[in-house]
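One structure is given below, encoded as structure tokens.
The values are calculated or read from the model by the stated rules, or taken from the named source; none is laboratory data. Predicted model, so just to flag it, every value in this text is computed and none were measured. Virtual Cβ from ideal backbone geometry, glycine too; neighbours counted across all protein chains shown.
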Amino acid sequence: MVGILPSAVLFCCSMNQVRSPMAEGILKRFHGQRIFVDSCGVHQGTLDPFMIEVMAEIGVDMSRHKPKTFDNLTDDSFDVVISLSPHAQHKAVDLTRYMHCDVRYWPTIDPTLTEGTRQVRIDAYRAARDGLQRRILDMFPRNDDFY
């Protein structure tokens, strides 16, 4: 049985182009009907084609994702804020000055920093995606009776 799920979760990272959109897409995949999920970055990035590709591999279409910053959020009330980079963690902690929320830090390697062949780079994106999915399902377990 799924425990009490939060009503709203925000994932944040440095650019909102890879890690935080991946996390947003994964949580929406499993609990999008029950939880409001959003993502943002400290800085506004651009849509990353490798992110779109590896998310499509697990059935999540991120091709319409619009990278945004904390300042561009349409909602400003979250129960849980999960930061995926040190820079975003500082911004997330700042939110607690005006919002009561549980702030978590999940250090996640930025796959855009990986160099090498296309295969090496795409594998880094898959590793980031799979690591986020494991953490998300640990924190927000599925109840397959509802699916």
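Looking at (1) modelled with pLDDT under 95; (2) within 21 Å of ALA127 (Cα to Cα); (3) in contact with a Ser or Thr (Cβ under 6 Å, 6 or more places away or on another chain), which is the only condition ILE52 fails?
For ILE52, the exception is condition (1).
Select from segment 30-58 the residues that are under 19 Å from ASP79 (Cβ atoms) and either in contact (Cβ under 8 Å) with a residue 60 or more places away in the chain or under 12 Å from the mean Cα position of the chain (by Cα) (or both) and list them in ascending order.
Going residue by residue through segment 30-58, those that are under 19 Å from ASP79 (Cβ atoms) are 30-40.
Result: PHE30, HIS31, ILE35, VAL37, ASP38, SER39, CYS40.
Which residue, of GLN44, GLN89, is at pLDDT 90 or above and touching a Cys at 6+ places or on another chain (Cβ under 9 Å)?
When all the criteria are applied, what remains is GLN89.
Can we say ASP71 is touching a helix residue (DSSP H, G or I) at 6+ places or on another chain (Cβ under 9 Å) and farther than 28 Å from ARG126 by Cα?
Values: touching a helix residue (DSSP H, G or I) at 6+ places or on another chain (Cβ under 9 Å): no; farther than 28 Å from ARG126 by Cα: yes.
Considered against the rule, which asks whether it is touching a helix residue (DSSP H, G or I) at 6+ places or on another chain (Cβ under 9 Å) and farther than 28 Å from ARG126 by Cα, ASP71 comes out as no.
With respect to SER20, determine if the residue is buried (at least 23 other Cβ atoms within 10 Å of the Cβ), part of a helix (DSSP H, G or I) and at pLDDT 95 or above.
In short, yes.
If you take just the strands (runs of 3 or more DSSP E) that sit entirely in segment 36-147, which of them hold at least 3 residues that are within 14 Å of MET15 (Cα to Cα)?
On the way: elements: 36-41, 80-83, 102-105.
Once the strands (runs of 3 or more DSSP E) in segment 36-147 are filtered for at least 3 residues that are within 14 Å of MET15 (Cα to Cα), what remains is 36-41.
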